[in-house]
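Quick note: the coordinates plus some simple rules give every number you see, no bench work behind them. Computed from a predicted structure; not experimentally measured. Glycine also receives a Cβ, built like all others from the backbone with ideal geometry; neighbour counts cover every protein chain displayed.
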Amino acid sequence: MKQKTSTVLAGRMLCAAFLVAALALFAAVPHECDAAPRKIVLTEAELKDFSSVPAPVKLKGKPSFEDSAFPLEKAVNLKEVEEVVGKLTKAQREALQKNRFILLPKKSAYPFPSHGMNDEMLSDFVGIGGFADPSAREPWNTRLVNPDVFLHALHTFFSKRLEAMEGGELLAAVEAMLDDLYATVIILRGDASKKNRRTWERLQAQILIPLILVKNCYQDMEDKWVPPDEEPEDDTLENALALMKEYIGGLSKNSAKNVAEELRRIYAADTAEGGLLGLIPAYASASVDYTQFTPRGHYERSSRSRAYFRTMIWLGQLGWRLADEDGAADALNFALAMSKASYALDEWKRVMEVSCFFVGYPDAASYVEWIDLLLESAGVKSFDADTCGKPASIERIIEAAEDLAPSIPHFSDLFSPSATEVLCIFPQRFTIPWLISDRLTYKREVAEDLPVLFSSLWVAALAGNEYATDLLPEQVPLSVQSLPAVDEEG
């Protein structure tokens with residue numbers, strides 16, 4: 001896939017790359033004296049809807065629709081159907097009258113392949129009945145159009161659009177954001193007093209990992225489009241370590257060693273170990289599950305999609321524990337760097353607004369709520385590169401962070417999130433269908449409630465689909481025998 005970046009964005013990224021290299025050399029040189037660091041004005045942010053949300057519609061009338069059975073004998077194509085499938089028995093007529101649909105036998109001559117441009121469900125739907133040309137259809141192979149097909153087509157459209165944007169505009173925006181953020185962290189590390197530079201170095205190493213991940217992919221600068229399955233697989237550990245050497249200047253040997261080890265774990269994606277750079281999982285776990293860096297679904301198709309996937313896993317699943325001194329200091333320095341950076345905040349907002357439209361709002365606080373807390377509730381009058389080394393300021397920030405919660409627009413009635421314990425750069429999102437399904441499948445007094453499942457998987461498994469059958473044990477990891485008896489509430 002050819003890289004799709006604007007001229008302005010490409011220029012920003014190129015300038016940032018040169019700036020990072022120069023600043024890395026500057027940071028590596030010891031300073032003779034430590035002047036008082038300059039004050040940093042925190043920059044607030046507001047996330048706007050990527051698309052306009054229509055106002056709620058109030059129904060003035062009261063629905064009075066009453067369902068009524070449609071006589072089977074009045075179906076205009078009943079005769080033609082019986083000529084094709086044979087005379088219906090009394091039981092078949094009663095079943096058809098009651099359920100008002102016929103299960104047609106699945107085509108056995110042409111199994112749908114697992115790859116290609118077409119969608120399996122839509123292709124099978126179009127293939128039911130005979131001729132695809134409407135003018136050639138006989139009365140017995142009329143097509144039923146129902147909400148399922150429309151909703152699936154709509155979902156497929158948005159999935160394809162998101163996939164294209166993630167490998168194009170959003171990937172470039174995340175790369176530009178991290179370039180600018182990394183360069184700014186190096187500047188602020190140089191501004192800080194000697195005793196606080198180690199804290200800034202920790203944040204520098206934390207940001208360097210996703211910067212390498214997002215850059216480690218095939219980027220075709222030539223005016224020639226290459227199909228994703230023919231792109232060079234540039235997202236290798238070897239290339240990542242080579243990229244690291246370009247940006248590692250200014251880091252201590254121990255930090256550089258830890259960055260390299262983190263990259264090895266990410267690209268191996270086969271262990272669960274404690275993190276090395278001060279970040280912790282946003283989920284309840286004492287160790288980082290590196291297997292989650294294995295690209296899945298459409299993220300497997302190209303190195304650009306894989307790069308975006310790995311980067312967003314790092315930025316969305318790992319963060320700073322706000323109850324810890326180091327975590328609060330790192331989260332503070334992140335806010336300072338974002339505020340001082342030239343355009344990192346604009347790129348962050350763009351990625352957040354677009355992704356919120358496609359995949360939902362975060363269920364944890366993000367930069368927006370974090371910056372408001374620092375300005376309004378932390379009790380710190382001014383900020384600079386040395387604020388992270390002031391115990392009293394960090395203590396006040398930790399105390400204020402106990403009430404840090406996300407603001408969920410539009411869906412506050414459905415979801416009331418608790419306080420955020422781990423702050424991530426791009427928090428994980430939730431969708432309203434998932435939220436509703438999670439409530440429907442929740443069982444009271446069960447330690448591990450049932451996972452969110454949709455009927456499509458079960459229907460496919462019952463129809464004999466081997467892939468769906470293999471997926472069931474993976475999505476239902478519970479032992480039914482260990483569950484308590486179902487009560488009157490289900």
Seminar exercise, completed: With a ≥ b ≥ c from the Cα gyration tensor eigenvalues, square-rooted, and the rule rounded for a/c under 1.5, otherwise prolate when a/b > b/c and oblate otherwise, segment 333-378 is oblate
Problem set entry | Qualifying chymotrypsin sites (Phe, Trp or Tyr not before Pro) in segment 224-285, DSSP loop, other Cβ atoms within 10 Å at most 12 | TRP225, TYR283
Seminar exercise, completed: Under 5 Å from the placed amide H of ILE40, counting only residues 5+ away or on other chains, we find PHE383, ASP384
For this session: Read phi for every residue in segment 76-86 and hand back ³J(HN,Hα) as whole Hz from Karplus 6.51 cos²θ - 1.76 cosθ + 1.60, θ = phi - 60°, with x for Gly and Pro.
Result: 5, 10, 4, 4, 5, 4, 5, 5, 8, 9, x
Seminar exercise, completed: Sorted by chain and number, the residues with a modelled amide H under 5 Å from that of GLU273, at a separation of 5 or more or across chains, are VAL288, TYR290
Problem set entry | Contour excess over end-to-end distance, with Cα ends at ASN99 and LYS60 and 0.36 nm allotted per residue | 10.8 nm
Exercise. Is segment 189-302 rounded, prolate or oblate when judged by the Cα gyration tensor, a ≥ b ≥ c being the square roots of its eigenvalues, rounded requiring a/c under 1.5 and prolate requiring a/b larger than b/c?
Worked result: oblate
Problem set entry | Spin-label pair ALA392/ALA269, simplified geometry with 7 Å Cα→Cβ offset, distance in nm | 4.9
Problem set entry | Subset of LYS58/LYS160; LYS257/LYS349; LYS195/LYS253; LYS253/LYS340; LYS39/LYS194; LYS39/LYS390 violating a 23 Å alpha-carbon distance limit | LYS58/LYS160; LYS257/LYS349; LYS253/LYS340
Seminar exercise, completed: Contour minus Cα-Cα span, GLU300 to ALA323, at 0.36 nm per residue, comes to 4.6 nm
For this session: Could you order peptides 269-281, 179-191 by the average number of other Cβ atoms within 10 Å of their residues, highest first?
Result: 179-191, 269-281
